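The values are calculated or read from the model by the stated rules, or taken from the named source; none is laboratory data. It should be emphasised that the depicted structure is a prediction, and the values quoted were computed from it without experimental measurement. No Cβ is skipped: glycine too gets one built from the backbone with ideal geometry, and neighbour counts run over all protein chains shown.
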């Protein structure tokens, strides 16, 4: 495990450039996937992404990094309650042509991204008025078109991808994303930074240090490791073995030789890196699809009626009896959401991921979708809505009891061994 980058720097420098600034991933899912890997997975599947989380946790920074990795133009719009559709789609400009004044429309960031086959990033998207949000829906679904304000229809070029972000809130005055809009995105939750990680980042910014020769992660009680992306957008983990720095396929552990497209680091608190792989059932693809649908139907029935005989029979009775289910509200799932989760499941399996981990990650995509925004942290009695929904997923053996997998360089290889054993 690489926890002190001043050790073996000479060997590391053979693989990565010294004095280079590196992105530090920190939004690690319980399955061990970081935000860079998650965004690449979503892009490869053509799924638009909504980033949820409080200010200052790296949402915008991660989008800039993904644009750099993919080599795509990024068209940004910071939204507010005063943003209207012309700020996003197109706006009229008075021009002179052949001595005559004419009105022409200039493409806004959304139309520009669609025509470029680039990335549209709408920051604080939930601040848009609901009618403006809905006006953009056709760009984010299978139609991939939007009507410009002069009547021209813009069709997205291949590669067009949208990312939006929003800050969760329970303030009844603030808006949540419109359900019809949210349904067109998969949702990633970026949590508050660990205090040690925040102190580490703050220290490095203040000192102007962000490269391997000046690393102090260990002094902040952080476990640091190397990851990379190949030219084919496969995932790698790096470590020193027998005195030599090597790259291995993140999922299979197979040795990889070549020059990565992108190298970055992962930092997590040492206190959360010692969990083992979870115990959960490994379902067939069809059985998993049926169980996901059944899971979302159970949640819907529980939210609308407050009852679920199935859960009472599966050890959830005490939990359900202790929570105020009249306060349980969730966003209804849909075929679009569940197919997105199953697409991730199949893609992770293709990349060599452990089937149980692929299953758990895909289940969490569904959980984050139906609990997004103000519902995620809403308290019932002792549990939040997100806690209860997650507990139900565990009851159905979609998730294991462990809350987090190993995510450091050393334990990446332990997960590799488990992956091989589950093939």
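Remark: pairs (first residue in the stretch 189-205, farther than 13 Å from residue 55 by Cβ; second residue modelled with pLDDT of 90 or more and assigned to a helix (DSSP H, G or I); Cβ separation under 8 Å; 6+ apart in sequence or on different chains) = 189/368.
Does residue 365 qualify as being closer than 30 Å to residue 232 by Cβ and at pLDDT 95 or above? If you could, list the steps in order and put the result at the bottom.
On the way: closer than 30 Å to residue 232 by Cβ: yes; at pLDDT 95 or above: yes.
So residue 365 passes the test.
Restricting attention to the stretch 373-385, the residues that are in contact with a helix residue (DSSP H, G or I) (Cβ under 6 Å, 6 or more places away or on another chain), part of a loop (DSSP other than H, G, I, E, B) and within 20 Å of residue 29 (Cβ to Cβ) add up to 1. Looking across 84, 100, one residue alone is more than 19 Å from residue 263 (Cβ to Cβ), modelled with pLDDT under 95 and in contact with a helix residue (DSSP H, G or I) (Cβ under 7 Å, 6 or more places away or on another chain). It is 84.
Report yes if residue 208 is under 27 Å from residue 375 (Cβ atoms) and either modelled with pLDDT under 85 or within 17 Å of the chain's Cα centre (by Cα) (or both), otherwise no. No: the conditions fail for residue 208. Counting only helices (runs of 4 or more DSSP H) that sit completely within the stretch 86-164, those holding 3 or more residues that are surrounded by 21 or more Cβ atoms within 10 Å (Cβ to Cβ) correspond to 109-116. Each residue in the stretch 37-89 was checked for being free of Cβ contacts under 8 Å to residues at least 24 places away in the same chain and more than 20 Å from residue 190 (Cα to Cα), and 3 of them qualify.
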